[in-house]
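Beneath this line is the structure, given in structure tokens, with notes to follow.
The values are calculated or read from the model by the stated rules, or taken from the named source; none is laboratory data. Everything numeric in this text was worked out from a predicted model, so none of it was measured. Heads up: the accessible areas ignore ligands, DNA and RNA and are worked out on the full protein's heavy atoms, side chains in. Shrake-Rupley method; radii C 1.70, N 1.55, O 1.52, S 1.80 Å.
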Amino acid sequence: MKSAKEIRQVAWKYVTKNILLVIIVGAVAGFLGAAGAKFELTIGTGNREQFSTESVRNYIDLIQHAEFSRVLVLIIAGFGIVTFIWWLIKVVIGGAVTLAYREFNLQLIDGKRIDLDSIFEQLKRLWAGFSLNFMTGLFILLWSCLFMIPGIIAGYRYSMASYIMAENPGMGAMEAIRESKKLMKGKKWRLFCLDLSFIGWDFLGYITFGIGMFFVSPYENAARAVFYREISE
């Protein structure tokens with residue numbers, strides 16, 4: 001069995017070999033709602049003088065004008081509607097994109113041919129992907145109602161379901177969840193340690209205002225694919 005360090009080394013080799021494509025696919029997957037593809041860009045507050053008492057008064061004076069208020073309300077409402085529609089789209093296609101991203105990472109660490117189109121190859125499995133996301137989310141939520149720790153354990157118990165389903169096109173959500181439970185029996189701690197070993201990388205990603213996550217997140221996903229490939233064999 002490989003240690004967390006050895007798994008990261010294998011993942012590093014394949015990620016750095018295909019660095020540009022890996023970053024692009026990871027970013028697209030995260031944008032489309034793939035689970036585990038996390039990208040956050042933190043915007044700084046800029047010059048603190050903009051929050052002076054005088055500037056606050058100026059903002060209040062502007063808001064008091066009816067015309068400005070109506071425009072502001074329309075802008076906020078429009079932003080809210082667009083955000084909701086995009087969230088809905090991600091809910092619908094996010095599960096299928098997750099399956100495609102899992103398959104992409106497995107092909108990456110298997111040394112197979114990969115391309116940007118890979119991220120769209122599972123879109124025909126919208127219902128399967130949605131069902132898997134819904135059922136795993138529901139089970140984790142129910143376990144979390146008991147206490148936080150059971151919820152975390154449940155998350156690791158079902159963590160390989162998307163990899164299993166990605167490799168088995170005819171498999172349903174509940175079957176993939178059952179297979180993940182079997183596969184992760186006695187191995188949840190190892191995966192937890194692998195995730196824990198990325199704390200330094202995550203910190204580095206976030207202190208760069210999230211820009212570093214464009215590399216760190218694909219690296220983590222590739223490492224999980226290496227882990228899955230090892231335990232599934």
### Summary
The correct pair for segment 150-233, radius of gyration to one decimal and Dmax as a whole number, both in Å and from Cα atoms, is 14.2, 42
#### Entry: Solvent-accessible surface ranking, highest first, for 1, 165 at 1.4 angstrom
1, 165
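Leaving out ligands and nucleic acids, note down the accessible area per residue over segment 77-233 with a 1.4 angstrom probe, in whole Å². Display every interim value, and only then the final one.
Numbers: 8090 Å² over 157 residues.
Per residue, segment 77-233 has an accessible area of 52 Å².
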### Query
Expressed as a fraction of 2.2 N^0.38 Å, the rule-of-thumb size for a compact globular protein of N residues, what is the C-alpha radius of gyration of segment 99-181?
1.18
#### Entry: Heavy-atom accessible area order for 195, 117, largest first, 1.4 Å probe
117, 195
### Task
Give the cross-link partners of residue 182 among the lysines, using a straight C-alpha distance below 21 Å as the criterion and excluding same-chain residues fewer than 8 apart.
2
